[in-house]
Amino acid sequence: MNAQTHITQRGRSRRGRLTRHNAPQVIPVYQRRKIPAYTLLDEAALVRIEAQADWILEHVGVEFRGDDTALALFAEAGAQVDGVRVRFEPGHVRQLCKTAPTEFRLHGRAPARSVTLGGDNLVLMPGYGSPFVSDLEQGRRYATLEDFENFVKLAHMSPALHHSGGTVVEPTDVPVNKRHLDMMLAHLTLSDKPFMGGVTSAQAAEDSVAMARLAFGGEFLDQNAVLQANINVNSPLIYDDVMSTSLRIYAAANQCVCISPAIFAGAMGPLSPAAVAAQTLAEAMAGIALSQLVRPGCPVVFGSFHSSMNLRTGALTFGSPEANLTTMALSQLGRRLGVPVRSGGGQITASNAADGQAMQDSADAMWATLLSGGHQIWHAAGWLEGGLVMSYEKFVMDLDHCGAMLKMLQGFPTDDEAFGRDSYAEAGPGENFLSTSHTLRHYTTANFEPQVPRGGPFETWDENGRRAADQRATARWRQMLAEYQPPDMNDSVRADLNTYVAERKAAMPDEWY
């Protein structure tokens, strides 16, 4: 047998092994980062921002409007309360925040879906709050409960999202005062990942805690975080009674409160990244302090949502250098405060379509978010039009981007198996390694593989109708929904949840405002 014959037969043998091992791709779930967080600011800069936050809290203060209970708690703790405005001596509010945990477990209905917030952990979740949805077949339209349920299903199926989200879209076909019941039911029954409850009224907060108690058990809920509340600050420097009351209800139940100032530079606060970072820190610390006065040790997340503006037109911009620098600074400030951080970015864009601008904005914002060391990443999938629209196509395109970036944050190993020395015994100089034993051991997990189909070579792409990425994404989200399988749930728990929702809906009239 000559050398060429030996090489050919050996290649055929390896190709046969490759066929026999033609397993489907395995998509791992990454929840920890191995690349360290980027350090943007030095100690002196961080201290100056913290001092400015203290100055705001001492000389300007934060207003808690319509919530006498919150005002009484602050007064009892030694803050200066003047009407609805609360002021703090330098360092006081930071001291009140010290009982908040640095790291905590947020439980899903399925234990394997539970996540850790803090440390080197990452939790990605879909967009939040869009009143509209869009897809290439039906266009832009008001979101419905069916759309809400669809996005919960899509998030449930994605390894790149660790969290089901909250008000993923507004189900506008359900009365405003009853929406939270249907949304809670969808999160609890259509997914087994962690999720967020309702905060649009005190009743919505109480219902959310009650439904979580039915699903997880009262004793477990009292000792563990199983849902989160998105507490939006009415920046600049105001907590309204709806938000502060909802905060207190979740905190009293030992459930996680995410304090989220929303500052658009030049509108809700001064223009510079330094000023936005300082005001965000001041507003967030006031809310975190309130949660700890209600229940010391209550889990919290230091959140933010910030944006720059086009100062010629007033339009919001996303993925800008200024906003991304603020994102990095806030993650550093949150780590110094000693609580998990909800980074201000995500895959956010002002674009009206899932086009090049949308993906560039999103990539810029998301990279800054992940490199910053933030722990919980909101708006990781689906966001269009500055949050007005949740796009089906962009949702699945974003899932691919999330998966790629999570893989990137793992770095790569340099152990003996990674070097694959045994491959050189099977394939020498001038031969390919596609079907060596090392390749066969790792080919289903070695490389990240996007789930939105690629266009392929020009000739193939041309023959298939020259479909752009968003057109190919339509087929992908439809495939995912067709393949969706609901997670297991105890029949009696499901019945209790359905009964609770039915009784609560029957007990109140419809309200559409």
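The values are calculated or read from the model by the stated rules, or taken from the named source; none is laboratory data. Worth saying up front: this structure is predicted, and the values here are computed from it rather than measured. Because the Cβ atoms are built from the backbone with ideal geometry, glycine has one as well, and the counts that use them run over all protein chains shown. Please note that ligands, DNA and RNA were not included when accessible areas were found on the heavy atoms of the full protein model with its side chains. Shrake-Rupley method; radii C 1.70, N 1.55, O 1.52, S 1.80 Å.
If a residue counts only when it is closer than 30 Å to Ala404 by Cβ and open to solvent by 10 Å² or more (accessible area, probe 1.4 Å), which helices (runs of 4 or more DSSP H) contained entirely in segment 236-353 have at least 1 such residues?
By residue number, 273-294, 321-337.
Being open to solvent by less than 20 Å² (accessible area, probe 1.4 Å), in contact with a strand residue (DSSP E or B) (Cβ under 7 Å, 6 or more places away or on another chain) and of a type outside the set (Lys, Arg) narrows it down to one of Met405, Met390, so name that one.
On the way: Met405 fails: in contact with a strand residue (DSSP E or B) (Cβ under 7 Å, 6 or more places away or on another chain).
Testing whether each residue is open to solvent by less than 20 Å² (accessible area, probe 1.4 Å), in contact with a strand residue (DSSP E or B) (Cβ under 7 Å, 6 or more places away or on another chain) and of a type outside the set (Lys, Arg) leaves just Met390.
Could you go through segment 218-227 and let me know if any residue there is of a type in the set (Val, Ile, Thr) and without any contact (Cβ under 8 Å) to a residue 60 or more places away in the chain.
Taking every residue of segment 218-227 in turn, none turns out to be of a type in the set (Val, Ile, Thr) and without any contact (Cβ under 8 Å) to a residue 60 or more places away in the chain.
For residues that are in a helix (DSSP H, G or I) and open to solvent by 20 Å² or more (accessible area, probe 1.4 Å), tally how many sit in segment 199-235.
Matching residues across segment 199-235 total 13.
Could you check segment 325-345 and list, in sequence order, the residues that are at pLDDT 95 or above and of a type in the set (Gly, Ala, Ser)?
Ala329, Ser331, Gly334, Gly338
For (1) among the small types (Gly, Ala, Ser); (2) within 28 Å of Arg476 (Cα to Cα); (3) part of a helix (DSSP H, G or I), each residue gets a yes or a no:
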| position | (1), (2), (3) |
| --- | --- |
| Ala365 | yes, yes, yes |
| Gly386 | yes, yes, yes |
| Asp400 | no, yes, yes |
| Ala425 | yes, no, yes |
| Asn432 | no, no, no |
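Ala53 is checked against (1) open to solvent by 30 Å² or more (accessible area, probe 1.4 Å); (2) in contact with a helix residue (DSSP H, G or I) (Cβ under 7 Å, 6 or more places away or on another chain) and fails just one. What number does that condition carry?
Ala53 satisfies all of (1) open to solvent by 30 Å² or more (accessible area, probe 1.4 Å); (2) in contact with a helix residue (DSSP H, G or I) (Cβ under 7 Å, 6 or more places away or on another chain) except (1).
Give the residue that is nearest to Gly119 (Cα to Cα), with candidates limited to residues of segment 59-71 that are open to solvent by less than 60 Å² (accessible area, probe 1.4 Å) and in a helix (DSSP H, G or I).
Within segment 59-71, the subset open to solvent by less than 60 Å² (accessible area, probe 1.4 Å) is 60-64, 67, 70-71.
Then keep just the ones that are in a helix (DSSP H, G or I); that gives 60, 70-71.
Working: Val60: 33, Ala70: 30, Leu71: 33 Å.
Among residues in segment 59-71 that are open to solvent by less than 60 Å² (accessible area, probe 1.4 Å) and in a helix (DSSP H, G or I), the one nearest to Gly119 (Cα to Cα) is Ala70.
Under the condition of being of a type outside the set (A, V, I, L, M, F, W, C) and open to solvent by 10 Å² or more (accessible area, probe 1.4 Å), which residue from segment 159-178 is farthest from Tyr513 (Cα to Cα)?
So in segment 159-178, the residues of a type outside the set (A, V, I, L, M, F, W, C) come out as 159, 162-167, 170-173, 175, 177-178.
Next cut, open to solvent by 10 Å² or more (accessible area, probe 1.4 Å) only: 159, 167, 170, 172-173, 175, 177-178.
Working: Pro159: 36, Thr167: 17, Glu170: 13, Thr172: 10, Asp173: 12, Pro175: 8, Asn177: 8, Lys178: 11 Å.
Here the residue is Pro159.
Please verify whether Gly83 is on the phi > 0 side of the Ramachandran plot and either open to solvent by less than 50 Å² (accessible area, probe 1.4 Å) or touching a helix residue (DSSP H, G or I) at 6+ places or on another chain (Cβ under 7 Å) (or both), treating the condition exactly as stated. Let's see the steps before the verdict.
Numbers: on the phi > 0 side of the Ramachandran plot: yes; either open to solvent by less than 50 Å² (accessible area, probe 1.4 Å) or touching a helix residue (DSSP H, G or I) at 6+ places or on another chain (Cβ under 7 Å) (or both): no.
Here the answer is no, as Gly83 does not meet what is asked.
Picking from Phe412, Phe433, which residue would you name as being open to solvent by 90 Å² or more (accessible area, probe 1.4 Å), farther than 30 Å from Gln138 by Cα and not basic (Lys, Arg)?
Answer to the selection: Phe412.
Among the residues of segment 368-381, is any surrounded by fewer than 22 Cβ atoms within 10 Å (Cβ to Cβ), in contact with a Lys or Arg (Cβ under 8 Å, 6 or more places away or on another chain) and among the hydrophobic types (A, V, I, L, M, F, W, C)?
No, because not a single residue in segment 368-381 is surrounded by fewer than 22 Cβ atoms within 10 Å (Cβ to Cβ), in contact with a Lys or Arg (Cβ under 8 Å, 6 or more places away or on another chain) and among the hydrophobic types (A, V, I, L, M, F, W, C).
Which condition number does Pro36 fail, the rest of (1) exposed (fewer than 14 other Cβ atoms within 10 Å of the Cβ); (2) over 30 Å from Lys193 (Cβ atoms); (3) at pLDDT 90 or above; (4) of a type outside the set (Asp, Glu) being met?
All conditions are met except number (2).
For segment 172-198, which residues satisfy the criterion of being part of a loop (DSSP other than H, G, I, E, B) and either of a type outside the set (S, T, N, Q) or touching an Asp or Glu at 6+ places or on another chain (Cβ under 7 Å) (or both)? Give the steps one after another, and end with the answer.
Of all residues in segment 172-198, those part of a loop (DSSP other than H, G, I, E, B) come to 172-175, 191-194, 197-198.
Those that are part of a loop (DSSP other than H, G, I, E, B) and either of a type outside the set (S, T, N, Q) or touching an Asp or Glu at 6+ places or on another chain (Cβ under 7 Å) (or both): Asp173, Val174, Pro175, Asp192, Lys193, Pro194, Gly197, Gly198.
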